[in-house]
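Working notes, structure below.
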């Protein structure tokens with residue numbers, strides 16, 4: 001199977017209250033990415049980050065969140081910024097406020113490090129210095145193929161946004177972007193998988209994909225338990241109080 005080599009340097013500007021180690025930059029290693037036929041997606045990229053707080057500990061995430069809300073994704077758009085930094089900007093309608101000064105009924109923008117963008121958008125976002133070297137990864141594609149083929153950003157502990165998704169968001173705010181972000185990325189959201197049943201995103205993703213909740217050798221027993229435990233809205237409210 002043909003493979004594409006992609007190198008990407010991502011500056012996660014919207015993780016400021018869940019600070020990244022190593023000067024808030026994440027280096028994505030040069031790696032082989034298998035071609036995919038899914039919805040004209042030809043490559044999938046992922047980002048990895050180490051945080052200076054315990055992202056597995058929901059109490060710690062709560063402590064570092066300025067706002068915590070229960071809300072619904074009512075619209076969204078995919079955005080690609082300089083040098084291939086892509087994300088989804090959700091518009092989330094607030095259904096309940098658990099912490100902070102957001103009001104019920106507000107529609108707030110939330111930046112999420114997942115999404116899609118075309119190969120052309122990805123290439124055009126690069127500076128002149130990086131453009132030619134980056135374009136070489138897609139040298140066999142025509143201009144039209146670049147416009148109709150997509151790169152997907154998807155992370156192990158997160159899922160792609162969909163209109164109608166319901167969840168509990170643990171948020172900070174980026175003044176420069178006038179948008180909210182989830183504290184520690186996917187660790188800063190609980191997805192509602194059933195009526196008043198919420199899971200951490202890593203486990204919710206496995207459930208959506210039809211997989212069994214699996215044990216991970218890199219996690220302690222306490223971390224594993226925290227990721228697979230279902231919560232109710234009331235239980236989260238009690239944690240916050």
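Note on residue 237 and residue 209: their simple-model spin labels are 3.4 nm apart, each label 7 Å out from Cα toward Cβ. Each label was represented as a point 7 Å from its Cα along the Cα-to-Cβ direction; for residue 132 and residue 196 these points are 6.4 nm apart. In this simple spin-label model, placing a label point 7 Å from the Cα along the Cα-to-Cβ direction at both residue 147 and residue 177 gives a separation of 2.9 nm. Pop the C-beta distance of residue 106 and residue 163 into the FRET formula with R0 = 22 Å and round what comes out to the nearest 0.05. Once rounded, the FRET efficiency stands at 0.80. Residues in the stretch 125-141 near a label at residue 40, defined as backbone nitrogen under 16 Å from the 7 Å Cα→Cβ point? Once the point is set 7 Å along Cα→Cβ of residue 40, 141 turn out to lie under 16 Å by backbone N, inside the stretch 125-141.
Read-outs: derived from the displayed coordinates by stated rules, not from any lab. Only a predicted model underlies this, so the values are computations on that prediction, with no experimental measurement involved. Here the Cβ is made from the backbone with ideal geometry for all residues, glycine too, and neighbour counts use every protein chain on show.
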